[in-house]
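Remarks on the structure that follows.
The values are calculated or read from the model by the stated rules, or taken from the named source; none is laboratory data. Quantities reported herein were computed from a predicted structural model and do not represent experimental measurements. Note that we place each Cβ from the backbone using ideal geometry, even for glycine, and neighbour counts take in every protein chain shown.
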Amino acid sequence: MTKTQLNGIVLMDDTFFRKSYKGIKNVNNYQDTKTLRGVSNNLICYTTAVDENKNVISLYSGIGKNTNAKMGNKFEGRVAENSLIVSDLDNIFAKFATRQNLDIFQMKASTFKEHKSEHDLGLINSLHSEFKGMIKRTRHVSMKWLDCYIQFVS
């Protein structure tokens, strides 16, 4: 199976899903994730990348906030040379671009009126909404099957 390679302008962003203990009989250290605020160890991180041809790669990055160690080399070789990475101000994408010798354009979160750039993360954010809508409609899926659902949507 060949790996998809993204080229041109590549949008990258993270999204988080609540851990689901569906189907697990003996759960240790269960904590209701609705009571926790912010990014905690009860959230599953997926990193999504979309290029200008609408090729999508969404990969599991770990539990909790995405770090360089968790992201590792999952996107290595998947972004073509001379591509431009567009992301939010998360440090992980700047480090990835530096490691892969790619150009990067990072933007801060802004309202629609303030946004004057030709690049935006609207496409990737709508894809994240689709992911989350599908998971919600299925009444949350087991973590074991989350990859399959995300690949189905993308």
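Rundown of residues vs (1) under 18 Å from Leu6 (Cβ atoms); (2) assigned to a loop (DSSP other than H, G, I, E, B); (3) at pLDDT below 85, yes/no style:
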| position | (1), (2), (3) |
| --- | --- |
| Lys54 | yes, yes, no |
| Leu59 | yes, no, no |
| Asn73 | yes, yes, yes |
| Ile92 | yes, no, no |
| Phe112 | no, yes, yes |
| Asp120 | yes, yes, yes |
| Lys132 | no, no, yes |
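May I ask you to list the residues in the range 74-95 that are under 19 Å from Tyr60 (Cβ atoms) and either acidic (Asp, Glu) or within 14 Å of the chain's Cα centre (by Cα) (or both)? Lys74, Phe75, Glu76, Ser87, Asp90, Ile92, Phe93, listed by residue number. Picking from residues in the range 1-26 that are aliphatic (A, V, I, L, M) and modelled with pLDDT under 75, the one that is farthest from Glu118 (Cα to Cα) is Ile24. Scanning the range 62-108 for residues that are of a type in the set (Gly, Ala, Ser), surrounded by 18 or more Cβ atoms within 10 Å (Cβ to Cβ) and farther than 21 Å from Leu43 by Cα gives Ser83, Ala97.
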